[in-house]
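Below: the structure, in structure tokens.
Derivation of every value follows stated rules applied to the coordinates shown; laboratory data play no part. Everything numeric in this text was worked out from a predicted model, so none of it was measured. Glycine also receives a Cβ, built like all others from the backbone with ideal geometry; neighbour counts cover every protein chain displayed.
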Amino acid sequence: MAASTPFVPPPRELLRPLAVPYRLLLGPGPSNVSPRVRAAGGQQILGHMHPEVLQAMDEIKAGIQYAFQTRNRLTLAISGTGHCAMEAALLNLLEGSDTVLVGTNGIWGQRAADIARRLGAKVHELLKPPGEYFTLRDIQEGLAQHKPSLLFITHGESSTGVLQPLEGLGELCHRQGCLLLVDAVASLGGAPILMDQQGIDVLYTGSQKVLSAPPGSSPISFSERAREKMLRRKTKPPSFYLDMGCLASYWGCDGEPRITTPLSQLCIPAQVLSPGIVGLCHCSPPRRAMCLPQGLAGAEPALGPPGFCRYHHTVPISSIFCLREALAMLVELGLESSWKQHRAACTRLYQGLRDLGLELFVKEEAARLPTVTTVRVPEGYNWKDITTFLMDKHNIEISGGLGPTAGKVLRIGLMGHNATQDNVDLLLQALRDALQHCQHSRL
Ligand code: PMP
């Protein structure tokens, strides 16, 4: 056989049409995407440095500032899911043997601690049983004992259904010279969070929950305090893709004017670049050398139009359009209406679950996450039978527990586009049906 003859045959499965059935996604995420956001994702692709895309990126920054209630300059969307934003926050803020205190009351603290350990940080976990939140006193004691430079905490613990109170945390951290990092992937837009007023230094969320956009882009924002810590780094962040200096430049967060000159003029002349390098990061002066590709540190790039290129990576254009529309929808609805809508939906759900004889996992009502409700698996039932029945007979997804709640709870998500009273009623009817028909699976 000649070496140029392909020997792997075309896979038959790719010769069939793609099959995507309709399902009502009432698990802890992703949630269904609204027709408007889906239409945005179906738009034709433009170049990632075209003025219309740069404009959509600027509009996303403004939308995130509104959704987070912040005036932080360093506000953008990471091209990646919630884990990617978690990783970006930790790897930019931690350096060497920095100490981080992680609030672990579910799987997300465990994940953050894992990432921080991989980065070589000294990690201390503040532990709470699943279903509980941290009090100011818990945090105060942890800060006093471990003297961390960073505290990680999860606002919406989607593995347990707990809403972490944030009031006073920022002040407490800052008094101890510590930064506050908050995961709001499952809560942003569904429960109040006010980044600047609550003294949060780094906040991130995901696109696929309350924003009801496809997964894959994650809004994130850094306070001046956090930015200063990053500027003081002695070493480069250990990831090029997630280097916040480079991303800040690409997203135009550095106060420099965005360039929308003709595309032919947007790239640095080839002779300035090492082979294989197609762009340069442009960071504020103290970081500039750190962001230059190896071998170019010290060489002054031709900055500013028309020779300078801010290209860092190709933003996922369709995700950018979707996120832009999802944020526009949140802006049109208004944050307070969105919080109210989520509160109303979950309150109706709690009552319906109680009427079915089911028990909520989080005892204290104020500590329940409005977006993700955890329900104890009823005595004698197998959780998997219930979720499978709902999927097979009603096209509804809910999910079982995760991490410390695996096998113990069912998790019901009512987020963004899906947080409606009609969906609550549909689900309750389907659950009633499941409880009747899954009786044969009594253990
Ligand atoms: N944090 C929380 C609180 C989450 O609920 C999730 C997603 N379930 C993540 C982080 C991770 O997000 P992703 O799956 O988009 O990576």
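Restricting things to alpha carbons, find the Rg to Rh ratio for the chain using the Kirkwood radius for Rh.
A ratio of 1.01.
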Neighbour-count ranking for 127, 94 (other C-beta within 10 angstrom, fewest to most) reads 127, 94
Charge tally in the Cβ shell below 14 Å around residue 135, where Lys, Arg are +1 and Asp, Glu are -1, residue 135 excluded: -3
Tell me which of 395, 407, 421 sits at the most positive position along the dipole axis of the range 382-430, charges placed on C-beta atoms (Lys, Arg +1; Asp, Glu -1). 407
In degrees rounded to 10, the 0-90 angle between helix 383-394 Cα long axis and the longest Cα principal axis of the chain is 90
So who's got an amide H within less than 5 Å of the one on residue 102, skipping anything under 5 residues away but keeping other chains? H placed 1.01 Å off N, in plane. 124, 125, 126, 152
Nearest-20 debye value, the range 35-249 charge dipole, Cβ charges on Lys, Arg, Asp, Glu: 360
Exposure proxy ranking, count of Cβ atoms within 10 Å, fewest first, for 310, 343, 411: 343, 310, 411
Give me 243, 58, 114 sorted ascending by neighbouring Cβ count inside 10 Å, so fewest comes first. 114, 58, 243
Give the angle, between 0 and 90 degrees and rounded to the nearest 10, that separates the Cα long axis of helix 136-146 from the longest principal axis of the Cα atoms of the chain. 50
Would you calculate, for the chain, the mean residue ellipticity at 222 nm contributed by helices, counting each DSSP H stretch of 4 or more residues as -39,500 (n - 2.57) and dividing by all residues, to the nearest 500? -11000 deg cm²/dmol
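Only four residue types carry charge here, +1 at the Cβ of Lys and Arg and -1 at the Cβ of Asp and Glu. Report the dipole size of the chain about the Cα centre in Debye, rounded to the nearest 20.
520
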Shape call, the range 1-145: gyration tensor on alpha carbons, a/c limit 1.5: prolate
If you wrap a convex hull around the Cα atoms of the range 35-249, how much volume per residue is inside, in Å³? 114
For the chain, find the longest principal axis of its Cα atoms and tell me its angle to the long axis of helix 421-437, 0 to 90°, nearest 10. 50
Sort out for me the Cα centre separation of the range 147-203 from the range 79-117, rounded to whole Å. 13
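Classify the range 116-166 as rounded, prolate or oblate, taking a ≥ b ≥ c as the square roots of the eigenvalues of its Cα gyration tensor: rounded when a/c is under 1.5, otherwise prolate if a/b is larger than b/c and oblate if not.
oblate
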How would the range 119-214 be classified by its alpha-carbon gyration tensor: rounded, prolate or oblate, with rounded meaning a/c under 1.5 and the a/b versus b/c comparison settling the rest? prolate
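Please give the net charge around residue 36, taking every other residue with its beta carbon less than 12 angstrom from that of residue 36, where Lys and Arg add +1 and Asp and Glu add -1. If you can, show how the numbers build up before the last one.
Numbers: positive: 38, 324; negative: 325, 332.
Charge balance in the 12 Å sphere: 0.
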Cross-link table 147/209; 363/393; 122/234; 209/408, entries beyond 26 Å C-alpha to C-alpha: 147/209; 363/393
